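Student: Quick one: structure below, then a few questions.
Computed from the coordinates by the stated procedures, all read-outs in this text should not be read as laboratory data. All values reported here derive from a predicted model rather than from experimental measurement. Positions of Cβ are backbone-derived with ideal geometry, glycine not excepted, and every protein chain shown enters the neighbour counts.
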Amino acid sequence: MISFQGDISWPQLYQSFITIFQVLNLDFVPWQSIGCATNFDFYWKAIITGLIPIAVFILLLIGFVIPSMVVEKLEKYSDADTKRLRGKRMRAQLMKLCLFTVFLLYPHVSSTVLGVFNCVEVEGVYYLINDFSLICFDDRWKHFALPCIVFVIAYPIGIPLSYFFILRTNRGRFQDVDIVVAYGFLYEAYQDGAWFFELLDMVHKLILTSLVPFLPNNFEMATNMIIIILYLQTILVLQPYVRKGDDRLHQIVQAELCLLAMLGWTLGNLQEAVLDPKLDLLISVLLIILTVFLLLAFVVMTLRNSFKLIQLFRRLRRKKNLQFQAERGGVLELCASSLKKKNHSGVWQDRYFVLCEDGFLEWYSSKTKEKIVGIIPVSQILAVRDDPNPLKFSWDLKSEVTVSFELQAPDADTCAKWVRCLQLLVTGNRVEKMDPSLHGQYWRDTTAMRMLRLQRNTQSRFKVSSGDESASAAEL
């Protein structure tokens, strides 16, 4: 956007090159082609652009509410707590998606709706800078200016204020999982003392892309240089990012913008309508090299940070598995062997299953137990069906969490052992829930107090496991 501000003769080759990145402004609609085919001008473009975030919000709302209602009806075995937790997480994800979408649309929408009020005087008549076929302050302009005033209040002013209010209100809860899911993209990349920096960056972009064009042409580039230098000094002093590579990348970006503004100021002072072809080619090549260098730096930084995040996630997962195994080191394993589990796509996967004395069925990616894949309390298993299909040595479990999943043993003895253990535990859980006086022979070997403790341990360990997952997500 800064490249084409002011009445400046920019190199033609560079202008052709920079239009490739027009898609980054989320301006996908060919407005000029539509204007040629219909009675469509910048006024209608501003109105439609202002309505796009509202339409996207409605589509996102429909896309989340309807699937959630369908899932809630299909999952007949989910209890009230599970449904409430799922609804809470879904609302947090919906909030994040809506806010992030508005965040992406903010620069383009703000510059477009503010463009309706950007006029220039030519021989006593004010024309719209974005479309010189339109005259400002006439009846038609007033007709479109009123809804654009609403859009200006809602987007350039309302969005930064709303984000500031959200962050300021939840400042003491930045580590909560729900807050991280919903608003984490606004502050997670920054230091604790610079939680507001994303809002400062939004205002900086708003000034460069939307407010500076209101100045006279001979002041635009000089103002851009002053604003960029002040912002660059702010980055150097605050060092706001958690990752120092992001600080360096942001500094490189601002340095390039400053050089671009300085070049625009120099070209504007030349007062030449068309540059010399050789000078045009030389400046274009230098600017293209500078832009490509910036893109490569961005790609390298992104790949490097992604690799670091993957390593961090692996370390956290390994640490969590070690803590989990240490906590349960004294638990007796009733059954443990390698089994095959059918996933949602119908593919059989090798897993190492462990049925523990404290009422948990766990499965790992390998026998070494370095990576735990899943865990389910036996109290939530509704039924164990032996050999429900023609496959040998197979059975399935129907639970409250997952409707059912199918397992397969390598031989008949292993299959019989697993089915017997699971059926005894599941039957014991059912009898305990119905009437403690109806315990069978299997439960006579255990006192009623131990049975009650087992059930309480199962519930508490399931909650602790869920809490560990939330803590790991927040730490990541």
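Student: Once amide H atoms are built 1.01 Å from N in the peptide plane, which residues 5 or more positions from Tyr190, or in another chain, come under 5 Å H to H?
Tutor: Answer set, sorted by chain and number: Val242.
Student: Separate question: Residue by residue through the stretch 196-212, which ³J(HN,Hα) values in whole Hz follow from phi under the Karplus form 6.51 cos²θ - 1.76 cosθ + 1.60 (θ = phi - 60°), with glycine and proline marked x?
Tutor: Computed from phi, the couplings for the stretch 196-212 are 8, 5, 4, 5, 4, 5, 5, 5, 4, 5, 4, 5, 5, 8, 10, 9, 4 Hz.
Student: If the chain between Tyr127 and Phe17 were fully stretched, how many nm would it gain, using 0.36 nm times the residue separation less the Cα-Cα distance?
Tutor: That works out to 36.7 nm of additional length.
Student: How high is the FRET efficiency from Arg91 to Asp247, r the C-beta distance, R0 35 Å, rounded to 0.05?
Tutor: Efficiency at R0 = 35 Å is approximately 0.55.
Student: Kindly flag which residue pairs out of Lys96/Lys371; Lys308/Lys371; Lys96/Lys244 have an alpha-carbon separation exceeding 21 Å in this structure.
Tutor: Long pairs (Cα-Cα over 21 Å): Lys96/Lys371; Lys96/Lys244.
Student: Still on this structure, please answer the following. Name the shape class, rounded, prolate or oblate, that the alpha-carbon gyration tensor gives for the stretch 41-212, where a ≥ b ≥ c are the square roots of its eigenvalues, rounded holds for a/c under 1.5, and otherwise prolate holds if a/b is larger than b/c and oblate otherwise.
Tutor: It comes out oblate by the Cα gyration axes.
Student: What distance in nm lies between label points placed 7 Å from Cα along the C-beta direction at Lys367 and Ile47?
Tutor: Roughly 7.3 nm, to one decimal.
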